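The values are calculated or read from the model by the stated rules, or taken from the named source; none is laboratory data. As the structure is a computational prediction, the values presented were derived from the model and not from experiment. Cβ sites come from the backbone with ideal geometry, for glycine too, and all protein chains shown count toward neighbours. All accessible areas refer to the heavy atoms of the entire protein, side chains included, with ligands and DNA or RNA removed. Shrake-Rupley method; radii C 1.70, N 1.55, O 1.52, S 1.80 Å.
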Amino acid sequence: MWLLLFPVVAGVLGAALLRLVLRAKRPRLDRPAALVTALAAGASSLIMIVFSTSTVIPMYVADVPSFPWETYGAVRFVLPLALGILTVLLLGLPARSGRAGGAQLTRRTWTSFLSRPWVAILGIVLALVVILTLSAGVVSQPDEDGRFTRYVIELGNGGAETDFYGWHYSMAPMIALVILVVATVRAWAGIARPPHPEDVEQDIARRRLRSTNVARITTGALLLHLAAILRDLESTSRLSLTVGAESGEHFSTGSAFSDLAPFLEYGAPLVAAIGLGLWVHTALTALPASAGSASAASPAGSASSRRETA
């Protein structure tokens with residue numbers, strides 16, 4: 001049970017702790033952006049928490065005959081990506097910038113307020129998701145309906161199979177993945193496009209925070225999706241087959257990645273905790289800075305808020 005609850009507990013507590021540590025180093029979002037951030041990221045986090053813990057009761061507490069296992073299995077891969085798409089689109093809504101602060105000749109693009117570390121992290125996670133998806137699809141086998149939903153092992157005249165994250169289950173997530181990337185770039189462009197108001201320095205700091213929040217949501221969605229894949233691979237890695245010979249000997253075999261079972265068992269909850277923590281932390285950035293933080297209201301805070309990184 002603790003492996004199911006660990007992502008929620010660790011993700012929420014980790015996000016709260018990070019918020020306490022960095023609260024004095026963050027600029028204060030304007031009220032509309034803060035409200036959208038709190039509602040969008042908070043609602044997505046809550047939905048993911050409820051969904052992630054929904055199997056605790058039927059699996060460990062009491063039998064629930066009516067639990068929709070088929071629906072759960074179909075939704076678990078695509079839900080984080082769908083929530084990520086909706087959230088980044090809301091976070092990318094252009095904010096009112098007020099009166100423009102004079103002529104602004106610097107050209108702004110969707111990368112203008114992004115930090116390179118976040119771009120690198122997002123790219124690495126995206127590449128890992130695509131590689132695992134393609135690898136799982138290649139080794140998947142068709143079921144009786146011709147859908148690639150099976151992983152099969154064979155030994156002699158015997159064989160064993162199990163439900164698997166093959167081409168069939170990965171089609172919808174891959175489409176959602178493309179939409180998520182497009183929505184992320186569009187959100188970054190929407191944040192960068194409006195002209196700066198009179199307080200340029202504080203506006204730059206706020207846009208950097210908003211762009212980083214979009215990166216957090218996208219990376220978190222990818223990690224939560226990746227965790228679902230790893231859980232499925234972990235279940236498949238334990239598939240084994242024992243065949244008896246006429247001589248009385250017995251021969252056993254397992255999945256091609258059975259040695260990875262311990263890593264997958266503990267790696268999936270850790271990845272999920274990081275992904276959920278990014279979402280919860282994004283929601284917490286909508287809270288005002290501490291009273292002693294100069295970045296909340298003073299011109300000096302406008303300069304210091306430019307140091308916001310992660």
Q. Does anyone have the angle between helix 116-139 and the longest principal axis of the chain? Alpha-carbon axes, 0 to 90°, nearest 10?
A. 20 degrees
Q: Give, rounded to the nearest 20 debye, the magnitude of the charge dipole that the chain has about its Cα centre when Lys and Arg contribute +1 at Cβ and Asp and Glu contribute -1 at Cβ.
A: 2520 debye
(Q) Given axes a ≥ b ≥ c from the Cα gyration tensor, I'd like to know whether the stretch 163-213 is rounded (a/c under 1.5), prolate (a/b larger than b/c) or oblate. (A) prolate
Q) Once label points are set 7 Å from the Cα along Cα→Cβ at both Leu5 and Ser54, what is their separation, rounded to one decimal in nm? A) 2.0 nm
(Q) Exposed loop sites here are GluC sites (Glu not before Pro) in DSSP loop states with at most 15 other C-beta atoms within 10 Å. What is the longest stretch of the chain lacking them? (A) 1-143
Q. Pulled fully out, how much extra length does the chain show between Leu13 and Val139, if you take 0.36 nm times their separation in residues and subtract their Cα-Cα distance?
A. 41.6 nm
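Rank by packing, highest mean first: peptides 250-258, 132-140, with packing defined as the count of other Cβ atoms within 10 Å averaged across residues. Walk me through the numbers before you get to the answer.
Values: 250-258: 14.4, 132-140: 16.6.
Descending mean neighbour count gives 132-140, 250-258.
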Q. Put +1 on the Cβ of every Lys and Arg and -1 on every Asp and Glu Cβ in the chain; which of Gln141, Pro195, Leu126 then has its Cα farthest towards the positive end of the dipole?
A. Pro195
Q) Roughly how many nanometres apart are two label points built 7 Å out from the Cα toward the Cβ at Val64 and Thr109? A) 4.8 nm
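What part of the accessible area of the chain, given as a whole %, is carbon or sulfur when the probe is 1.4 angstrom?
C and S fraction of accessible area: 64 percent.
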Q. How many percent of Cα pairs in the stretch 1-63 exceed 21 Å?
A. 41 percent
**Q.** Highest-MSF residue in the chain out of Met48, Met59, Met174 [GNM, Cα springs under 10 Å]
**A.** Met59
Q. GNM, the chain, Cα, under 10 Å: largest mean-square fluctuation among Ile153, Ile229, Ile217?
A. Ile153
Q. What ranking, highest mean first, results for peptides 124-130, 164-170 when packing means the other Cβ atoms within 10 Å averaged over each residue?
A. 164-170, 124-130
Q) When the helices in the chain are scored as -39500 (n - 2.57) per DSSP H run of 4 or longer and the sum is shared across all residues, what 222 nm value do you end up with, to the nearest 500 deg cm²/dmol? A) -20000 deg cm²/dmol
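With r defined as the distance between the Cβ atoms of Ile179 and Asn157 and R0 fixed at 41 Å, what FRET efficiency is calculated, to the nearest 0.05?
0.35
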Q: Compare Gly11, Gly84, Gly73 in a GNM of the chain, Cα atoms joined below 10 Å, and give the one with the largest fluctuation.
A: Gly73
Q: Treat every Asp and Glu Cβ in the stretch 92-234 as -1 and every Lys and Arg Cβ as +1, leave all other atoms uncharged, and give the resulting dipole magnitude about the Cα centre to the nearest 20 debye.
A: 1240 debye
Q) Which one is right for this structure if Rg/Rh (Cα atoms, Kirkwood Rh) is calculated from it: (i) 1.08; (ii) 0.99; (iii) 1.11? A) (i)
Q: Using +1 at the Cβ of each Lys and Arg and -1 at the Cβ of each Asp and Glu in the chain, identify which of Leu13, Ala268, Trp2 lies farthest towards the dipole's positive end.
A: Leu13
Q) Between Ser252 and Leu46, what length in nm is gained on full extension when 0.36 nm per residue of separation is reduced by their alpha carbon distance? A) 69.8 nm
Q: Give me the accessible area per residue for the stretch 105-238, probe 1.4 Å, as a whole number in Å².
A: 47 Å²
Q. By what distance, in whole Å, do the Cα atoms of the stretch 106-264 stretch along each of the three principal axes, largest value first?
A. 87, 32, 17
